[in-house]
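The values are calculated or read from the model by the stated rules, or taken from the named source; none is laboratory data. The shown structure was predicted, so the numbers you read here are calculated from the model rather than taken from an experiment. Glycine gets a Cβ as well: all are built from the backbone with ideal geometry, and neighbour counts include every protein chain shown.
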């Protein structure tokens, strides 16, 4: 026969075991659900509005659609490569099964890929190609073609306006961004033999910062004079906007043809009003959604489907390259609006209503 005190201890012990079991199985007393799969999305900066407005939400929505047991772990490096390194270490420590990486610095980011490889975590290089690294996949656009589209559109416009010579101010992106190097290469392939003179002779790199582009353009106007140039090659809409702000401030009228990229809302409005000549529309939705598909398949150990390869200095990376589109006032309706990239109501605010009417947008 068990003594009363010993019996009480035994009952208490059994109760503790029961409580632990309940805690381990959830408050309902049921067994735990399936293990969650963590998918990391590391984006490079917030200077370009596309990342927070489009890439992130589109990627997250597609992951949710494709994988009910997946969770997206999102981080933005704010143009700081050291911060992006810390973020990679954090998501790997947190158990990410795959990383979708848009690098701040395309070359040094190979070290981040190496860290993931040491933990057998595949990396998808997103939008910008990571150089000299063992990547699972790469998805982007034909970025050299982007630069060619920008430059050819500018040259064609200038010649259509009767200008066969003159100075074109050139504002590039960030030298640490492999895409920026490709945009630059594509642009030079057109501009160098176009009959136009480039200013400055040595390429200027804005680090994708509109404020840097504005300051540089103010200096160019001071050097060349307000009528001393016929066009502006700006590598994206942010730098194009900075250049246009400088020209407004310095009294340049009319503002000469100016290029851009990314189809930012403000840029589309500038194009409709005539301040900016063109942008390059890169359909972010298929890019973000294909990246999500690749990530889910890799996280689950499944095969992936790509359409080409791109050599990054170490390997031929399985790749998906999408087609960029040049957008001017003439085709905003058939591209940006038709694809519902923006709603007409977003573009056609009261200030721009008359320009929308002229372009057949309502």
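Being in a helix (DSSP H, G or I), under 19 Å from the mean Cα position of the chain (by Cα) and surrounded by 21 or more Cβ atoms within 10 Å (Cβ to Cβ) is the requirement here; does residue 294 meet it? Don't jump to the end; show me each part of the working.
On the way: in a helix (DSSP H, G or I): yes; under 19 Å from the mean Cα position of the chain (by Cα): yes; surrounded by 21 or more Cβ atoms within 10 Å (Cβ to Cβ): yes.
The answer is yes for residue 294.
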Taking segment 344-362 on its own, how many of its residues are surrounded by fewer than 19 Cβ atoms within 10 Å (Cβ to Cβ) and in a helix (DSSP H, G or I)?
-> 10
Mind checking which residues of segment 210-221 are out of contact with any strand residue (DSSP E or B) (no Cβ under 6 Å at 6 or more places or on another chain) and either buried (at least 19 other Cβ atoms within 10 Å of the Cβ) or on the phi > 0 side of the Ramachandran plot (or both)?
-> 210, 212, 214, 216, 217, 221
Taking residue 309 as the residue in question, decide whether it is modelled with pLDDT of 95 or more and in a strand (DSSP E or B).
-> yes
Where residue 345 falls short, out of the listed (1) modelled with pLDDT under 95; (2) farther than 27 Å from residue 135 by Cα | (1)
Among the numbered criteria (1) in contact (Cβ under 8 Å) with a residue 60 or more places away in the chain; (2) touching a helix residue (DSSP H, G or I) at 6+ places or on another chain (Cβ under 9 Å), which single criterion is violated by residue 113?
-> (1)
Can you find even one residue in segment 321-343 that is surrounded by 13 or more Cβ atoms within 10 Å (Cβ to Cβ), without any contact (Cβ under 8 Å) to a residue 24 or more places away in the chain and assigned by TED's automatic domain parsing to the domain that holds residue 157?
-> yes
Looking only at residues in segment 263-285 that are without any contact (Cβ under 8 Å) to a residue 40 or more places away in the chain and part of a helix (DSSP H, G or I), which one is farthest from the chain's Cα centre (by Cα)?
-> 270
